[in-house]
1. Can you find a residue in the stretch 102-120 that is under 13 Å from A153 (Cα atoms), without any contact (Cβ under 8 Å) to a residue 60 or more places away in the chain, touching a Phe, Trp or Tyr at 6+ places or on another chain (Cβ under 6 Å) and β-branched (V, I, T)?
2. Count, please, the residues in the stretch 100-123 that happen to be loosely packed, with under 15 Cβ neighbours inside 10 Å and either charged (D, E, K, R) or in contact with a helix residue (DSSP H, G or I) (Cβ under 8 Å, 6 or more places away or on another chain) (or both).
3. Take the stretch 125-135 and flag every residue that is in a helix (DSSP H, G or I) and surrounded by fewer than 13 Cβ atoms within 10 Å (Cβ to Cβ).
4. Among the residues of the stretch 16-36, are any in a helix (DSSP H, G or I), of a type in the set (D, E, K, R) and either modelled with pLDDT of 75 or more or closer than 30 Å to P100 by Cα (or both)?
5. Can you tell me which residues in the stretch 69-81 are free of Cβ contacts under 8 Å to residues at least 24 places away in the same chain, surrounded by 15 or more Cβ atoms within 10 Å (Cβ to Cβ) and out of contact with any Phe, Trp or Tyr (no Cβ under 7 Å at 6 or more places or on another chain)?
6. Would you check if there is a residue in the stretch 104-124 being in contact with a strand residue (DSSP E or B) (Cβ under 6 Å, 6 or more places away or on another chain) and either within 18 Å of S169 (Cα to Cα) or of a type in the set (S, T, N, Q) (or both)?
7. Restricting to the stretch 82-92, give me the number of residues that are in contact (Cβ under 8 Å) with a residue 60 or more places away in the chain and touching a Pro at 6+ places or on another chain (Cβ under 7 Å).
8. I154 fails exactly one of the following numbered conditions: (1) within 25 Å of the chain's Cα centre (by Cα); (2) loosely packed, with under 14 Cβ neighbours inside 10 Å; (3) part of a helix (DSSP H, G or I). What is the number of that condition?
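The values are calculated or read from the model by the stated rules, or taken from the named source; none is laboratory data. Keep in mind that this is a model prediction, so the values were computed, not measured. Note: ideal-geometry Cβ built from the backbone for every residue, glycine included; neighbour counts use all protein chains shown.
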Amino acid sequence: MAISMGGGGETPMSDINTTPLVDVMLVLLIIFLIAVPVAIQTIEKLEIPVFESVESKNKVENLLLTVSTTDEAGRSAGEPGFEGAARNGECRVYFNNVTPVTSEELYDQAFTRLDNIVQRAGGPEAIMEDPDQIPQVHIRGDVNAPWRCVAGAIYNVQAAGYPTVGFISNPVEPGI
């Protein structure tokens, strides 16, 4: 290694001393070479506990709605030959993402469901003491569903008494 000793016009040496870096890397390599086999040998067969899934009795039962339309030929989702929702198709609302309902059925079923939840909580006064028990409506709208279909679903569930309506979206990857 060259060392510059002050004096006549020589420029100081600016090279990085890599010896400490190499020493540290070698020590870490030796530690991992010893530690990994020891860790692998000490772990015997791993037993993961299995728990039975039990539905909570006090969780909020949010209402899930899917809003879509028929395709150009008038076919609904799930029917053979369905080509996807069309902007000028007939509105389709699925109660709890499964049961197709009309506007009147949506209002009736939403009202009955909310009334059962309120009565189970002990009445309107009891549920107002803990507003977290008030269920919400989550709407998943098809990308091609016109606003009139989504607005109709919102109107019906708010008329049935649900104070909070939110939307579920599928995240889009950036750059696409």
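1. no
2. 6
3. If the condition is that a residue be in a helix (DSSP H, G or I) and surrounded by fewer than 13 Cβ atoms within 10 Å (Cβ to Cβ), then E125, M128, E129, P131, D132 are the ones that fit.
4. yes
5. Once the filter is applied, which keeps residues that are free of Cβ contacts under 8 Å to residues at least 24 places away in the same chain, surrounded by 15 or more Cβ atoms within 10 Å (Cβ to Cβ) and out of contact with any Phe, Trp or Tyr (no Cβ under 7 Å at 6 or more places or on another chain), the stretch 69-81 yields T70, A77.
6. yes
7. 0
8. Just one mismatch for I154, condition (2).
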